[in-house]
Amino acid sequence: MAPPDNDVLWARSLRHAHNGSPALLGVSLGVRQGEILAVVGPRGAGKSTLLRCLSGQLVPDQGEVWFNSAPVHTLTEIARDELRRDRFGWVGSTAQLLPELTAWENAALPLLLTGTKYRAARAAAQEWLDRLDIGAAARKRPAELLQAQRQRIAVARALVTTPEVVFADDPGAPLHRPDRALVMRTLTSAARSHGITVVFSACDHEIAPFADRVIPLVDGRINASMPTQDRDDRDDSTTTARAASV
Ligand SMILES: Nc1ncnc2c1ncn2[C@@H]1O[C@H](COP(=O)(O)OP(=O)(O)OP(=O)(O)O)[C@@H](O)[C@H]1O
């Protein structure tokens with residue numbers, strides 16, 4: 001079955017277990033072009049597994065993942081690697097920067113690795129670092145930076161190719177509350193201004209204001225007792241029908 005035309009990303013009945021331990025128990029969802037979607041749930045709810053399935057890092061045991069008209073779940077490993085390299089960006093819960101490189105070199109890495117000329121890669125990285133208010137740190141190495149600064153460099157690295165979708169797996173997890181808000185604000189506003197779709201996960205609902213829609217995930221299922229919320233109807237808690245556990 002092909003995905004609906006207006007969804008850039010679409011998943012149906014995803015099931016996955018790690019070494020026999022179930023992590024996803026039938027998750028279906030759609031993500032619209034340019035939407036910022038939050039998947040929120042407690043530790044172990046299956047958020048990372050879901051984002052890894054959606055981004056093609058992991059092939060689900062059952063179910064389908066579509067990116068536009070591409071059936072991600074049936075692509076070869078090489079095709080999935082290309083998809084992730086060329087069309088997606090990824091931010092993890094830790095920055096995972098290369099310690100020997102400067103901030104701008106880390107941010108430029110996806111461009112440098114795919115043959116962009118040094119000067120152009122440097123200019124693009126500096127632009128994103130500036131947009132994320134971290135431009136002044138461009139020549140510093142990770143060890144000289146605070147954790148929240150390092151995480152914003154990881155965000156710049158995810159955005160530097162201007163991907164179609166950025167996946168951010170609990171990007172504020174190791175940070176204090178104000179830094180978490182700063183990272184989320186810079187990520188979502190930069191993505192919004194460039195029409196980049198974002199799917200991010202988090203453990204707490206405090207991040208809801210940064211998302212257009214919030215999907216609650218518990219024990220590998222979308223929690224039907226907690227309505228998914230659209231930004232427009234969050235005040236009256238109207239349930240949307242765009243996500244369901246099946
Ligand atoms: N590589 C793995 N090997 C074995 N079990 C795993 C693996 N990855 C995840 N799990 C298990 O699968 C379940 C879902 O994990 P997952 O990391 O997807 O949840 P999560 O909501 O992202 O949790 P957290 O917020 O702690 O990262 C958990 O029970 C977890 O222990």
Got at least one residue in segment 87-109 being in contact with a helix residue (DSSP H, G or I) (Cβ under 9 Å, 6 or more places away or on another chain), among the hydroxyl-bearing types (Ser, Thr, Tyr) and within 16 Å of the ligand (Cβ to nearest atom)? yes
Quick test of your reading of the structure: ARG15 fulfils all but one of (1) of a type in the set (Lys, Arg); (2) modelled with pLDDT of 95 or more; (3) within 12 Å of the ligand (Cβ to nearest atom). Name the failing condition by number. (3)
If you go through segment 65-77 one residue at a time, do you hit one that is touching a His at 6+ places or on another chain (Cβ under 7 Å), more than 16 Å from the ligand (Cβ to nearest atom) and on the phi < 0 side of the Ramachandran plot? no
Going through segment 103-123 one residue at a time, which ones are surrounded by 14 or more Cβ atoms within 10 Å (Cβ to Cβ) and either of a type in the set (D, E, K, R) or under 21 Å from MET184 (Cα atoms) (or both)? ALA103, TRP104, GLU105, ASN106, ALA107, ALA108, ARG122
So, in segment 36-64, exactly how many residues are within 14 Å of ALA11 (Cβ to Cβ) and over 15 Å from the mean Cα position of the chain (by Cα)? 6
Report yes if THR94 is at pLDDT 95 or above and among the polar types (S, T, N, Q), otherwise no. no
If we ask which residues in segment 161-184 are more than 16 Å from the ligand (Cβ to nearest atom) and over 14 Å from the mean Cα position of the chain (by Cα), their number turns out to be 7
Enumerate the pairs (first residue in segment 142-159 and surrounded by fewer than 24 Cβ atoms within 10 Å (Cβ to Cβ); second residue anywhere and among the basic types (Lys, Arg)) with beta-carbon separation below 6 Å, excluding pairs fewer than 6 apart on the same chain, so at least 6 apart or on different chains. PRO142/ARG150
The helices (runs of 4 or more DSSP H) lying entirely within segment 84-184 that contain at least 2 residues which are among the aliphatic types (A, V, I, L, M) and over 26 Å from ARG52 (Cα atoms) are 118-131
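The values are calculated or read from the model by the stated rules, or taken from the named source; none is laboratory data. Since this is a predicted model, take the numbers as computed values, not measurements. A quick note on method: Cβ atoms are made from the backbone with ideal geometry, for glycine too, and the neighbour counts reach across all protein chains shown.
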